[in-house]
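Read the structure below first, then the notes.
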Amino acid sequence: MAKTGGGSDAQLMDKLVSLCKRRGFVFQSSEIYGGLNGAWDYGPLGVELLRNVKNSWWNEMTYRSNIEGIDAAILMHPRTWEASGHVENFTDPMVDCRQCKARYRVDVLFDEVSLKKKKEVLRVLYPGTYDGQQKDEFILAEFGRIGEENPAPILIALTCPSCGNKGTFTEARKFNLMFKTFVGPVEDSSAVVYLRPETAQGIFVNFLNVQSASRQKLPFGIAQIGKAFRNEINTKNFLFRTREFEQMEMQFFVKPGTDVEWFEYWREQRFNWFLKLGMPRERLRWHRHEPGKLAHYAKDAYDIEFAFPFGWGEIEGIHNRTDFDLSRHEQFSSKSMKYFDDDTKEKFTPFIIETSAGASRSFMAFLVNAYAEEDAPTAEGTTETRVVMKFHPKLAPMKAAVFPLVNRDGMPELAHKIEETLRPHMRVFYDDSGAVGRRYRRQDEIGTPYCITVDSQTLQDSTVTIRDRDSMVQERIAGDRILSYLNDKIFTVGL
Ligand code: GAP
């Protein structure tokens, strides 16, 4: 019986973070020095899982006739970020506490204020308008609106969550989230470059290079996977909001007027990718950006959200970016970014439909989705709780484990032979220590979909047992069928 989580949502996150460290999925960055906030290291199993997520995305997106891949540099000409709007707009309003120096993003600070306090603040600040009797939703919406338009009076009325002093916040200031560094030996303003905050711009500036090199015609797309960096004020929730992360982005260039149709097409494609990799429909939902809250470049935008233990959170954005990006790069570089249509002899600036997923955020969503605690039978006829990571077999870091039932009678030799046969094709783990039940549990905990056991019958007829991680059912199959059995089960299922 599945208990998925077994405890509160906060406990589930704690269990996941601890499993990730213990079994080698994710470690805190530079842990021996106390760690660095907002940065994480992927361990031996994590790197496999992350790679499998990225490979699945890459194959899904680029194994099409109308999508090309690129790998652009992280450092780009600083004008790129003026053209993109990041220098001007990629900011969060931020305040400091004058007393204890704690720093907060204004919207996050306001979110944490209790409803009771929000009512009180509005009543004191605007006595004629808010009497404390209005509906909670109304108060929340009004507090949000006023907080965005004019945060100053609210800030004066709040206490600092860190030191408890009232009215100690500075005025809200714009804080740019791009990491700055310098090229060359001179650290002055002419040498400033930024670590890219998104991979998208590397695609936009290469639009015509890729188009002419690949001889693609519109509509076509360019895909890229790569690191992005944001100096987030509040990193939180493990891998959800980090300062260094990976994105999987695809920009699809279309003729203006066909953008709405392609937008719908890519929305469906991207949602289905998560479903095909085992995400249940009910753990995913769409969030449409309200017209007033669209990013400066977007005509329409939807997020795919996943039900994390701490609430719904965006894992991918699908945006209709119009001709904003190419027009801006044309304006800032003085180079034409227009497309010439050979068939119609028209010249125009394409519209762009963007699919922008976080590799690390998707990784975390797949981890959360996989975690389950279940009752499982023991050899003694009782039950015990097993932790099992139910990854889609394609994503599982280890595809199979091979065990000799006992370490004698030639079983280890036969098991090693099977291991060697499988190794060139997939990640395999050999384990000969402890009772076989314990070995199954260790593999369940890292999500290995199949365990192969060599037993005394193998010595007589060359058959082995293969145990399915999810059903725990064992089948006996001929030793020479193992590879084709695993290939069928792992690489063709679901996709
Ligand atoms: N090019 C558009 C763009 O970057 P975004 O919504 O800012 O759009 C896209 O980011 C995706 O990148 C998000 O859906 C999320 O999965 C991931 N992402 C963004 N910021 C992140 C962060 N600080 N940590 C981890 N992932 C992040």
*Dipole of the chain, Cα-centred, from +1 at each Lys and Arg C-beta and -1 at each Asp and Glu C-beta, to the nearest 20 debye?*
560 debye
*What FRET efficiency do you get for residue 442 and residue 187 if R0 is 35 Å and r is their Cβ-Cβ distance, rounded to the nearest 0.05?*
0.10
*Take the alpha carbon atoms of region 410-442, find their center, do the same for region 268-293, and report the distance between the two centers in whole angstrom.*
38 Å
*Tell me, for the chain, which Cys residues have no other cysteine's C-beta sitting closer than 4.7 Å.*
20, 451
*Could you pull the Rg and Dmax for region 326-449, using just the Cα atoms, both in Å?*
26.0, 78
*Hey, could you pull the Cα Rg and Dmax for region 1-77, both in Å?*
17.6, 56
*Could you name the lysines whose alpha carbon sits less than 28 Å from that of residue 217, not counting residues in the same chain fewer than 8 places away?*
54, 255, 299, 335, 338, 345, 347
_Taking the Cα of residue 425, stepping 7 Å toward and past its beta carbon, and measuring to each backbone N in region 441-485: which are under 12 Å?_
479-485
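Give the residue list of trypsin sites (Lys or Arg not before Pro) in region 358-412 that are DSSP loop and have at most 11 other beta-carbon atoms within 10 angstrom. Provide the component values of the computation, followed by the final result.
Working: sites: 361, 386, 390, 394, 399, 408; in loops: 390, 394, 399, 408.
Passing both the DSSP loop test and the Cβ count: 408.
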*Can you list, bin by bin at 10 Å, the percent of alpha carbon pairs in region 287-335, starting at 0?*
25, 37, 25, 11, 3
*Taking all pairs of distinct Cα atoms, average 1/r, flip it, and tell me the Kirkwood hydrodynamic radius of region 361-400 in Å to one decimal place.*
11.6 Å
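With the convex hull built on the Cα atoms of region 196-292, state its orientation-averaged projected area in nm². Intermediate results must be reported in sequence, preceding the final value.
Numbers: hull surface 35.1 nm².
Its Cα hull, projected and averaged over all orientations, spans 8.8 nm².
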*asked:* Between helix 44-62 and the chain, what is the angle of the helix's C-alpha long axis to the longest principal axis, kept within 0 to 90° and rounded to the nearest 10?
replied: 70 degrees
*Determine, at each q value in 0.13, 0.19, 0.21, 0.24 (inverse angstroms), the log₁₀ of I(q)/I(0) that the Debye formula gives when each Cα of region 388-479 is one equal point scatterer.*
-0.38, -0.82, -1.00, -1.28
_Inter-label distance, nm, simple model (7 Å from Cα along the C-beta direction), residue 101/residue 55_ = 4.7 nm
*Report the one residue of 351, 421, 391 whose Cα lies farthest in the direction of the positive end of the charge dipole of region 345-495 (charges on C-beta: Lys and Arg +1, Asp and Glu -1; origin at the Cα centre).*
351
*For the chain, just the Cα atoms, rotate onto the principal axes and tell me the three extents in Å, largest first.*
85, 65, 50
*Where does each of 91, 453 land when they are ranked from fewest to most other beta-carbon atoms within 10 angstrom?*
91, 453
_Degrees separating the helix 259-276 axis from the principal Cα axis of the chain, which is the longest one_ = 40 degrees
*C-alpha long axis of helix 411-422 to longest principal axis of the chain, angle in °*: 40 degrees
*What's the FRET efficiency of residue 134 with residue 11 using the Cβ-Cβ distance as r and R₀ = 45 Å, to the nearest 0.05?*
0.80
*How much length is gained on full extension from residue 123 to residue 293, taking 0.36 nm per residue of separation minus their Cα-Cα distance?*
58.5 nm
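Computed over the Cα atoms of region 72-173, what is the convex hull's projected area averaged over all directions, in nm²?
8.7 nm²
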*Would you kindly calculate the mean projected area, averaged across all directions, of the convex hull enclosing the Cα atoms of region 158-235, in square nanometres?*
9.8 nm²
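Any read-out appearing in this document is the output of simple, stated calculations on the displayed coordinates, not a laboratory observation. The model shown is predicted, which means the values in this text are computed figures rather than measured ones. Backbone-built Cβ (ideal geometry, glycine too); neighbour counts: all protein chains shown.
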